[in-house]
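No lab work stands behind these numbers, since they all come straight from the coordinates. Just so we're clear, the structure is a prediction, and the values are computed from it rather than from any experiment. Here the Cβ is made from the backbone with ideal geometry for all residues, glycine too, and neighbour counts use every protein chain on show.
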Amino acid sequence: MKWLVAVLICLSTACHAAAPAQVITWMLYDWPPIYIIPTWAPPRTVNELGNGIGDHVLTALIQELPQYEHRFQRANLTRIFSEMQQGNPVCYATALRTPERERFAYFSPVQAMPPIHVVLREDTARKLAGTGGSIALAQLQSAGLRGLYELKRSYGKVLDGFIQQQQGKIQAQQSEGVRQLLLMVESGQSDYAFEYPFVVEYLRRQSAFRSGVSMLAINDNNQALLMSNVACTRSPWGRKVIADIDGAIRRGALKPLLRQATSGWLAPEIQQRYQTRFDAFYDARVRAPDISPP
């Protein structure tokens, strides 16, 4: 009888309290319109997330992961990937996968993004592209223009390679937000920067530009969509969590909240240009798991 009493006490109190809660700490980078964090303090619940693309992605995933407690923490990109390198159990919902990052993180594709464009002052864009809407990377190089890129950020394989080749002619900048880089282009402190079309669209809606900037497609980079991934620390904890997240992505890919997370922040012509490929990406995610490294 004593053992039965002990078991009942254990089930109702101590043993239950000792079971660790399943927790995912989501890192948030204030990067409108990827994340639009309403206040300096990080959100306490999913209901306090903003109206950004990454906010919608997180909301969609959290709906599919009720077995976890979800916490949020603000950080810049440098700190986010430093946390993963140090082995701390964190995830970031909008990361590009690179060979370097695969050494310390697991990845699962969650969104198809339109290719990054080059942002220039309007007068510079007219000189280089005329009435066309695109430019080749060789034109940036031959014109001797000064570029900017954000430290620790990946821009995809093609542009990462170009940036590496242009060391000395393109300046790394550690920033708390992309607005800073684009305003440096507008003011003439730099000639160009690379950015997503939806970021430029967001800043235009915010009337951030006074004299105006132009956004041109990059011929060398205009075929493949960029894959945005959920990244979690590469550890036994991270391997289990990314498997659960991959399942959440596959379920979420059937629903409008995840499939349409980007559309509200794209200009109509950009949305129309890439919609068929967006749909093909989500249809493929429903059918099969996708985690790397395996």
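If R0 equals 35 Å, the separation of the Cβ atoms of Gln165 and Arg273 corresponds to a calculated FRET efficiency of about 0.80. At most 15 other C-beta atoms within 10 Å and a DSSP loop state: those are the exposed GluC sites (Glu not before Pro) I care about. Give me the longest piece of the chain that has none. Maximal segment without exposed cleavage sites: 177-294.
Taking a straight line from the alpha carbon of Lys169, these lysines sit under 26 Å away, with near neighbours fewer than eight places off in the same chain left out: Lys127, Lys152, Lys157. The relative contact order of the chain, computed from alpha carbon pairs under 8 Å that lie at least 6 residues apart in sequence, is 27 percent. The convex hull drawn around the Cα atoms of segment 117-221, when projected onto a plane and averaged over every direction, covers 6.2 nm². A helix-only calculation puts the chain at -11500 deg cm²/dmol for mean residue ellipticity at 222 nm, using -39500 (n - 2.57) for each DSSP H run of at least four residues, averaged over all residues. Simple point charges give the picture: +1 on the Cβ of Lys and Arg, -1 on the Cβ of Asp and Glu, and for the chain a dipole about the Cα centre of about 320 debye.
Restricting to segment 117-221, compute how many DSSP beta bridges are antiparallel as a %, nearest 5. Antiparallel bridges make up about 45 percent of those DSSP assigns within segment 117-221.
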